[in-house]
Each structure stands twice: as structure tokens, then as C-alpha cells.
Amino acid sequence: MAEFQASSFWNEKQSSRGKHLDEIRRTIKPIKGSLTRYIIDTRTLIDGERLKREAFGEKDKRKPHKTILMVGETGTGKSTLINAIVNHMLNVKCNDRIWCEIIETKESQTKSQTNAVTVYDVFVEESPFSLSIIDTPGYGDTKGTKKDLIIAETLHELFRSKDGVHEVDAVCFVVSSNTTRLTDRQLYVFDSILSLFSNDVERNIVVLITHAPKNPTNALKAIKESKVRCAKNDDGKPVYFSFDNSHCEDFHNDDDDQTEDEEEYNKLAWDKNKKNMKNFFAFLNDCKTVSLKMTESVLRLRKQLTASINNLKDRIQLSELRKKEFQQTKAALEEHEKEMKDNNNFEFVVDEAYKEKIPIESKWWHLSKEATCCRVCEENCHYPGCWWVRDLSQCSVMSNGKCTACTGRCDHSYHIKERKIYVLKTRKVTKTKEDLKRKYEKESGEIMSLIRILENEIKLNEREKTRLVEECYQCVVTLEDIALNTDSASTLHHLDFLIEKVNETGKPERVQKLQELKKRAEAANEGLLNMLENLY
């Protein structure tokens, strides 16, 4: 199983030396060791809690630009690999005995490390193209899986914002060579990212294997057995690139500490990494850039699906509570009619459903503490919502300025985003026949007419429920058509509820289709289901 082999693109195009490396050595105070380290100063373009963007160098519009997304578990060496990419762009050579870091990796670091998605824009004279590296925080760290959900949300913001990232050349899954099987946590990582993209991104997904002094047979076997969606070579095997940056992860305090054997090993490792990095950059040069326009549509549809189902659950619950109230009222009217009572304004007690807006109390720090609600329909349209959105016309559940979730499909201007949500409650209420006559003043006040009106109300509720179930079903079908990972565990989370409600509409062929989708999703996400149950 061979690595991707590329043309001599980098040899032909890369400059021998350039001003940026000289400037780094001249202006930045070095940190002495077996390799002299230089911590690159970058310009901060975005400095948010969840999204950051930093730049080094000045953009040359004459050069082509490439964008890669880096994803991997904590501890795979992703930060060191990103630094290796930057060193390659700067054309740092082994005999320079220096190491440049755009991400400071030592305990003595001066730059604080964050849990934010960070974009590094690298513009250097030495490189034949400029590069944007989207670095996602290490998945699956000790803070738990709940924290991981925020990464997909932040990427969505990055892909859709005006000054964000709108194209990608490679999605890079970083794994360690000592991997013998992909854990549930790693599969969760891959599922989370694959569920973001449309099906035109698959040929741009590659595997970067770290800590690999020799052929990473075990890691490749684990990737193949897991059936992770990625680019394949002519033999149908995953496209991968392997690196061993161990000589750049363990710096000595003194230049004289290295033995001759260590120096020889480091030179061999450097030369091998240089060759593999050339192949990786040639792959970037040759692959077709993919627009994220369809990917953004996938993300938006997933959010609309989730919002629609959550809203649907609330409205079905309200419908069922109102149905109970109607049935209690109908039973009281029938009882009064049966006994031929003379009291024309009798009293009866019902369980009345009502909505109350209460403060949000989220026990999960990563979830938004605000919800987008419709003031006309009095419904929760998006919770957890788009935490970065202030202009509600840009909320994910809005389409052409109209809400896709609330009953009235109301304009975004009728919505409000605040730290409150609507909850359904019931209360005992005493009513009279006169109350019903006032409520249905255009209809006859006779008891039998009121009973027919109540029966019609029940039917209308059932029709509305059927309509909502149809909308959610169509959203799932649309996602299946355009999403790269149609068996996403995030979709699986909603299928049981949707299957139950579609079954109530009497459409067995649709129930069968959803059950088949659920079966595929369960097989594709074995081991993730208990994890997801703990999340939601």
C-alpha cells in the first residue's frame, strides 16, 4: 500500500531562499536547543472566543491559494505537523538547524493555547502558493465529548460568513501510526466532520499519519476496516501521507547534547519528511478546489432538520394536550345533553394547555444560552441557536428572510433572540357553555353544534401534525441526496421519533425507507450510539 506519489512540482517551483525566513532569523529572539526555535509573530485578524484567525506575511494575489482543514484527536501531533508544513513553505533545510513554529508547542510557550477553531493564513515568498490552514481543537480531550459539538458549529460560521472560508482543497484526518483500530472517539471525530460536507468533497479527503518512522501498516489497516470516506488511489486504497516529526517534538536544552547517532537519525527523518511533504503539496496543487457553497447548504439543512423536529415535538405535544382538552369538553357536553339538564350554563373542568416563557438553564457550557423564538406563534424556532448571529435574517432556520420552523413561517422581524424559551404546561380551568359560545361566536350555540366544532378541531390538529411530519421527512430525503455522510449519527438521533410519526400517517413505504436509513446509520456508527445518548 503505497503513499500518494506526485510530480516534481515543489522542486520546480520553490525558491531556494526568501526574505521571510531571513526576517524571522533577524527579528525574532531564538530559543536555543538541539534546534534553534523561532516563534513566528502573526497578525490577529479575528480574536473570538470560538473562532480566531491569524496571518503571517502579505498576500500576493498573483499566487494561487490553497486551503486545508486539519482534524484529529488530542495527542496525534497535529500542531507539530502544522508547524512542519510552515517550515516546508519557508524552505527550512536540515543544516539550518532551526525550527519555526506558528503554533507554540512547548510548556514554556508565550502564546496561550485555546479551544477555538483557528485559521492560519501563511503568505511567504519561498512558497509557490499561499496557504490557509484551518486548525480544529483536538477532539476527544479530557473535557469530554460535549465540548466537541461546538467545533462543527464554529466551522459552519466560518464557511458562511462574508470574510470566512468559502473553498477547500483538502480535508486532512490526522492519526498516529500506532493506531491499530479506530476508537469510538475517533469515529465520532470523522462522523462529525463528514456530516458537514456535501458529496463533492470526498476526493479531497486525505489521511495524514504522524509518528511514522516506517510504513504505517497498522494505521492504514484500521482506516480501511473503518470504511472512512476519503480519496482513493487507482488501487482503491486510501490516499495518505506519513510523517515522523519526533525530532521536532523533543528539543534538547543544549546544542552539544546530541550524539552522532541522533544527528544521523534526525537528518534521515528530516529528508524523509521533506520528500513526503513535497508529495503532499503536489497533491494540493493537483487536486480540484471545492466550493463550500453546497457544504454550507448541507450544514443549513441539518440545522433546519433539527430545528423542525424539535419544533415539531413541541407542537405535537401541544396538539395532543389540546386534543385531550377538546375530548374533556366534548364529554362534558355529551353528558349534559344526555341527562337533558335544564341548566343552560353549566360548568365543567378541563386540563387547559398553555405556554410560559422561562429563563434558559443549560447545564452544558457549549450550548447557546439564547434561543430564537417567534413572538407571533409563541414557539421555539431555534434552540440551541446560532450563537454568533445578531441579525436574525442570517439565522440558519431562516430562508429568504422567513422562518422554516414556526407554524406561521413568519418573517424574521417577528422573531426575538433572548435567554428564554417557551415551555408547555397545563392547568385546571373551570369553563361554562357560555365560554364556548363566546369562543365560537360565529357558530351556533347549540350543544350538538359545539360538539361538531370540537370534532373538527381535533381533525385539524391531526392534519397539521401530518403536514409537519411530511416536511421533516422531505428534509431527511434532501440531505440523503446531497450530503457526503448520509449515515451520520447526528441524523440517526432523530430517526426513531420520525419513524414513529410517519407510521402514524399511514405511509408504510416511507417508514420502510427510514428504517433502512436507520439500519445503515446504526451499522456505520456502531459504538457511537451510547455516546450520543449521553450528549442529547
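Please treat every number below as a calculation from the coordinates, not as lab data. What you are looking at is a predicted structure, and each value in this text was computed from that prediction instead of being measured. Because the Cβ atoms are built from the backbone with ideal geometry, glycine has one as well, and the counts that use them run over all protein chains shown.
Brief remarks on what is shown
- Cα gyration tensor category, rounded, prolate or oblate, for the stretch 368-414 with a/c compared to 1.5: oblate
- Calculated on the Cα set of the stretch 297-465, radius of gyration then Dmax: 19.8, 63 Å.
- Straight-line reach from Lys293: taking Cα to Cα under 21 Å and skipping same-chain neighbours fewer than 8 places apart, the lysines in range are Lys66, Lys162, Lys303, Lys402.
- Peptide packing for 118-131, 426-439 was compared via the average number of neighbouring C-beta atoms within 10 Å per residue; ordered from the highest value, the list is 118-131, 426-439.
- Local net charge near Leu299, Cβ-Cβ under 14 Å (Lys/Arg +1, Asp/Glu -1): +2
- Contact order relative to length of the stretch 297-465, as percent, for alpha carbon pairs under 8 angstrom and 6 or more apart: 30 percent
- Modelled label positions at Lys93 and Lys232, each set 7 Å beyond Cα in the direction of Cβ, lie 4.2 nm from each other.
- Label-point separation, Leu460 to Asp411 (7 Å along Cα→Cβ), nm: 2.5 nm
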